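One structure is given below, encoded as C-alpha cells.
The values are calculated or read from the model by the stated rules, or taken from the named source; none is laboratory data. Everything numeric here is computed off the predicted structure, so don't read it as measured data. Cβ placement follows ideal geometry from the backbone for every residue including glycine, while neighbour counts extend to all protein chains displayed.
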Amino acid sequence: MYMKRILLFLVVTGLFSACGQRQLVETELPGPVPDDSISFTPPQNLILLIGDGMGIAQITAGMYMNGNKLNLERCRYTGLHIPCSTDNLVTDSAAGATAFACGIKTYNGAIGVDPSQKPVPNIVEQVSAMGMPTGLVVTSTITHATPAAFYAHQPHRDMYEAIAADLAKSDIDFFVGGGTVDFVGRQDGRDLIGEMRNNGFFLTDSATVSFDKVEIPFDKKFGYFSSPNSPVKVSEGRNYLPLATKKAIQYLKHNGDKKGFFLMVEGSQIDWGGHANDSDYIVSEMLDFDKAVGAALDFAEKDGNTLVIITADHETGGYSILAGSRMGKIRPGFTTDSHTASLVPVFAYGPGQELFAGVYENTAIYHKMVRVLNLNNKVQP
Ligand SMILES: [Zn+2]
C-alpha cells in the first residue's frame with residue numbers, strides 16, 4: 001500500500017510543480033532535452049552535493065583562488081535550475097531543499113511540507129523503502145534547513161527540537177553535523193540521544209573524539225555531532241567535511257552493496273560567507289566543499305555505478321568578481337546580505353548525467369533522481 005501511495009504521489013507532485021511554475025515564471029524558458037529520449041543503465045548509488053548559497057561567482061572565485069581549477073570541472077554535464085519558491089522568487093534554504101528532497105515547490109521556511117503544510121514523502125523515505133541505506137554530511141547543525149528537508153516534516157525551519165525528533169525516528173542511517181543542543185536538554189524533557197541509541201545508533205561527538213579518530217561500526221547506524229551548536233568555519237579549524245564524505249561513502253557502500261545508497265553532502269557555510277559579505281569566508285568554504293566533491297568523484301570514477309550531482313539551493317550575497325581582480329586575488333562586490341533569485345548551476349557525473357543538461361525548475365532535480373534510480377519502476381504494487 002505504501003508503495004502505491006508513493007507512485008500516486010509522484011504523479012500528483014509532477015502536476016503540482018507544473019502549476020507552481022506557471023504562477024511564478026511568466027516567460028517561457030527553453031526546456032531541457034525531454035528526459036525520456038535519453039537512455040542509460042540506472043546507477044546503484046546517488047550522491048547529491050549541495051553548496052548552500054553557491055552561485056556562479058562563488059564557483060568562479062573558488063577556481064581563481066585555487067590555481068584556476070576545481071574538482072567540479074571533472075563533471076561532463078552542466079545545467080541550470082530555477083530556484084524560486086511558491087511565495088517568493090528568492091527562495092530560502094528550506095523551500096530550496098524541500099524542492100530537491102520532495103519534488104515540490106513550497107513556501108519559504110517549509111521543511112518537507114506542501115503549501116498547505118501537509119507532509120510530502122521525501123527521497124530518503126522512498127529509497128529506504130527499497131532497502132537502500134542513506135546518509136547526510138553537513139557543516140551546519142544537522143537540524144538546519146537543508147539537511148532537515150531530507151528527513152523532517154515541519155511547518156517551519158526554526159522548529160529545531162521537532163526537527164531533531166523527526167531525525168530520531170527517520171530512515172537516516174549515517175549522519176555527521178552539529179547541533180547536539182537540539183537532542184539533549186530539550187523543553188519536552190525527551191532524551192533523544194538515549195532514544196536513538198536504543199534504536200540501533202552508535203552516537204558520539206566532537207567533545208569525545210575528533211572525527212578522524214572515530215571507529216565507525218559498519219553494523220550499526222552512525223551519528224557524529226561535530227559541534228554542540230553550529231560547527232566553526234573551516235578557516236577556524238573545522239576539517240571534517242572531505243573525510244566525512246569519504247567515510248560516509250565507505251559506510252554506505254558496505255551496507256548498500258546489493259541495493260545501492262543515497263548520500264547528501266552540504267557545504268553549508270558558503271551561504272554564511274555570502275550573508276556576511278565576506279569573500280575570504282566564501283572562498284575557503286567553497287574550496288572545502290570542492291574537496292568533498294573530489295572525494296565523491298574519486299569514488300564514482302572507480303565505482304562506475306554511481307551518479308554524482310552537485311548544485312546549490314540558491315545564490316547568496318549577489319556576489320561578483322570586480323575589475324581589478326586577478327588570479328589568486330579577488331576584488332569582491334555584493335548587492336545584498338541575503339539570497340538572490342539567480343538561476344543556479346547543476347553539475348553531474350556518472351550514469352544518467354545527461355538528464356541534468358538544460359534549464360529546469362529546482363523540483364526537476366528530485367524527479368530526475370527518481371528517474372535515474374528507476375524508483376517508479378522499482379515500486380511494487
Ligand atoms: Zn540556502
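Yes/no per residue for (1) in a loop (DSSP other than H, G, I, E, B); (2) at pLDDT 95 or above:
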{"residue": "ILE6", "(1), (2)": "no, no"}
{"residue": "THR27", "(1), (2)": "yes, no"}
{"residue": "ASN68", "(1), (2)": "yes, yes"}
{"residue": "ILE104", "(1), (2)": "yes, yes"}
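Are there any strands (runs of 3 or more DSSP E) wholly within the range 284-379 with 1 or more residues that are of a type outside the set (D, E, K, R), in contact with a Cys (Cβ under 9 Å, 6 or more places away or on another chain) and at positive phi, and if so which?
Those strands (runs of 3 or more DSSP E) do not exist here; none qualify.
Quick check: anything in the range 329-336 out of contact with any His (no Cβ under 7 Å at 6 or more places or on another chain), farther than 22 Å from ASN68 by Cβ, touching a residue at least 24 places away in the same chain (Cβ under 8 Å) and of a type outside the set (A, V, I, L, M)? Can you show your working first?
Restricting attention to the range 329-336, the residues satisfying the condition of being out of contact with any His (no Cβ under 7 Å at 6 or more places or on another chain) are 329-336.
Filter again for farther than 22 Å from ASN68 by Cβ, leaving 334-336.
With touching a residue at least 24 places away in the same chain (Cβ under 8 Å) added as a condition, the list becomes 334.
Narrowing further to those that are of a type outside the set (A, V, I, L, M): 334.
Checked against the condition, which is being out of contact with any His (no Cβ under 7 Å at 6 or more places or on another chain), farther than 22 Å from ASN68 by Cβ, touching a residue at least 24 places away in the same chain (Cβ under 8 Å) and of a type outside the set (A, V, I, L, M), the range 329-336 yields at least one hit.
Of these, ASN122, ASN108, which one is surrounded by fewer than 24 Cβ atoms within 10 Å (Cβ to Cβ), polar (S, T, N, Q) and either within 16 Å of the ligand (Cβ to nearest atom) or more than 20 Å from ASN229 (Cα to Cα) (or both)? If you could, list the steps in order and put the result at the bottom.
Details: ASN122 fails: surrounded by fewer than 24 Cβ atoms within 10 Å (Cβ to Cβ).
ASN108 is the lone residue from the list that is surrounded by fewer than 24 Cβ atoms within 10 Å (Cβ to Cβ), polar (S, T, N, Q) and either within 16 Å of the ligand (Cβ to nearest atom) or more than 20 Å from ASN229 (Cα to Cα) (or both).
Looking at ASP337 and the list (1) out of contact with any helix residue (DSSP H, G or I) (no Cβ under 7 Å at 6 or more places or on another chain); (2) under 27 Å from SER85 (Cα atoms), which single condition is not satisfied?
In the conditions (1) out of contact with any helix residue (DSSP H, G or I) (no Cβ under 7 Å at 6 or more places or on another chain); (2) under 27 Å from SER85 (Cα atoms), ASP337 misses (1) alone.
Applying the selection to the range 308-327, what residues are away from the ligand (no atom under 14 Å from the Cβ) and under 16 Å from ASN71 (Cβ atoms)?
Matches in the range 308-327: VAL308, ILE309, ILE310.
Does THR98 meet the test of being of a type in the set (Val, Ile, Thr), assigned to a helix (DSSP H, G or I), within 16 Å of the ligand (Cβ to nearest atom) and buried (at least 24 other Cβ atoms within 10 Å of the Cβ)? Before you say what the answer is, go through the steps one by one.
Values: of a type in the set (Val, Ile, Thr): yes; assigned to a helix (DSSP H, G or I): yes; within 16 Å of the ligand (Cβ to nearest atom): yes; buried (at least 24 other Cβ atoms within 10 Å of the Cβ): yes.
Considered against the rule, which asks whether it is of a type in the set (Val, Ile, Thr), assigned to a helix (DSSP H, G or I), within 16 Å of the ligand (Cβ to nearest atom) and buried (at least 24 other Cβ atoms within 10 Å of the Cβ), THR98 comes out as yes.
Kindly indicate whether THR146 is over 29 Å from MET369 (Cα atoms) and at pLDDT 95 or above. Steps first, answer last, please.
Working: over 29 Å from MET369 (Cα atoms): no; at pLDDT 95 or above: yes.
The answer is no for THR146.
Looking at the range 172-195, can you tell me whether even one residue there is under 27 Å from ILE270 (Cβ atoms), within 16 Å of the ligand (Cβ to nearest atom) and part of a helix (DSSP H, G or I)?
no
Name, by its number, the condition in (1) closer than 29 Å to SER325 by Cβ; (2) of a type in the set (S, T, N, Q); (3) away from the ligand (no atom under 15 Å from the Cβ); (4) assigned to a loop (DSSP other than H, G, I, E, B) that does not hold for THR91.
(3)
Name the residues in the range 43-70 that are touching a residue at least 24 places away in the same chain (Cβ under 8 Å) and touching a Leu at 6+ places or on another chain (Cβ under 6 Å), would you?
If the condition is that a residue be touching a residue at least 24 places away in the same chain (Cβ under 8 Å) and touching a Leu at 6+ places or on another chain (Cβ under 6 Å), then PRO43, LEU46, ILE47, GLY62, ASN66 are the ones that fit.
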